[in-house]
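These notes are about the structure you will find just below.
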Amino acid sequence: MTNENNILTDIIDNIGVITLNNPEKHNTFNIPFARALNDALWEFEQNDKVKLVVIQAEGKNFSTGIALNEFNNKSSQEYRKFLHLMDEHNHTIAQMRKIVIASVQGYAVANGAGLAFASDFTIAAENAQFGTTAINVGLICLGPAVPLMKIVGRKKTLEFILTGKIVPAEEAHRLGIVNEVVPIAELKEHTMKFAQKMAAKSPLALQIGKWGVYQMQDLPYHQAIDYMGELFSSLCTTEDAEEGVKAFLDKRKPVWKEQ
């Protein structure tokens with residue numbers, strides 16, 4: 001399958017693959033690009049054949065953010081509408097039941113960094129670099145700051161967005177921005193193996209686990225514990241939960257029904 005505007009989609013072994021495919025412009029965001037990316041995410045969310053989603057990129061860089069020529073001759077209302085579209089993937093990924101994995105090489109900066117921050121998992125090549133760099137051109141990365149804040153906290157978020165610093169993959173890993181760092185030659189293969197390993201797990205457990213983590217981060221401590229207990233209880237009553245336990249005891253692979 002192919003979406004317009006330099007966003008490609010494919011399904012490989014039940015993994016939905018979205019490829020940012022405008023390497024000549026370092027996969028920068030514009031209106032068609034952002035809309036096609038968001039449409040691709042929802043397309044895979046609604047496709048029962050797809051278990052997980054991987055976002056990867058062609059070229060040297062994952063994405064260098066919003067194309068700077070987009071920042072001209074807009075009214076305040078037009079900018080609000082425009083930036084809502086640029087940030088829409090942040091909403092979408094958090095609302096999706098399915099896990100989203102970013103596979104990052106080269107620069108992931110500004111809105112490109114935001115896409116990596118918003119993904120549920122990020123696997124980075126050793127040459128990957130991350131930064132919220134809009135401050136360097138008189139702007140500010142406020143959209144990317146939201147998922148970043150959930151990962152690194154207030155002081156580090158301020159450090160990133162107000163200084164425009166760029167950190168290498170290993171430091172991003174230390175900060176919790178990245179889950180794994182691998183050699184560039186192994187990035188795509190390693191990402192797909194990771195996705196396939198996740199796809200073999202109970203889809204219901206993955207969905208409830210993702211939903212629970214996103215919801216609990218805004219709840220008070222004791223309320224979060226009780227809420228997670230309610231979610232776990234609901235999972236325990238499903239056929240797949242019973243199948244998972246039985247398969248483990250029988251020393252066989254489970255057969256998931258998503259019920």
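Applying 0.36 nm per residue to the separation of E159 and A200 and subtracting their alpha-carbon distance, the gain on full extension is 10.9 nm.
Hull volume per residue, based on the alpha-carbon atoms of the range 80-187 and their convex hull, is 95 Å³. Under a Gaussian network description of the chain, with springs only between Cα atoms under 10 Å, the residue in N21, N61, N47 that fluctuates furthest is N47. On a 0 to 90 degree scale, rounded to 10, what angle separates helix 187-199 from the longest Cα axis of the chain? Roughly 40 degrees, rounded to the nearest 10.
Can you tell me what share of the DSSP beta bridges in the range 95-220 is antiparallel? A percent to the nearest 5 is fine. Around 25 percent of the beta bridges assigned by DSSP in the range 95-220 are antiparallel ones. With a Cα cut-off of under 12 Å and a minimum spacing of 8 residues unless on different chains, the lysine pairs in the range 2-199 number 5. Taking amide H positions as modeled 1.01 Å from N, with prolines and chain starts lacking one, the residues under 5 Å from V17 and 5 or more places away or on another chain are D10, I11, I12, V54.
Using a Gaussian network model of the chain with C-alpha springs under 10 Å, which one of T163, T133, T191 is most mobile by mean-square fluctuation? Maximum among the listed residues: T163.
Per residue, the Cα convex hull of the chain amounts to 143 Å³. The Cα trace of the range 1-149 gives Rg and Dmax of 14.4, 45 Å, the first to one decimal, the second as a whole number.
With contacts defined as alpha carbon pairs under 8 Å and 6 or more residues apart, what's the relative contact order of the chain in percent?
Working: 476 pairs, mean separation 38.6, N = 259.
Relative contact order, the chain: 15 percent.
For the chain, the longest principal axis of the alpha carbon atoms and the long axis of helix 239-250 meet at an angle near 70°.
No lab work stands behind these numbers, since they all come straight from the coordinates. These numbers come from a predicted model, not from an experiment.
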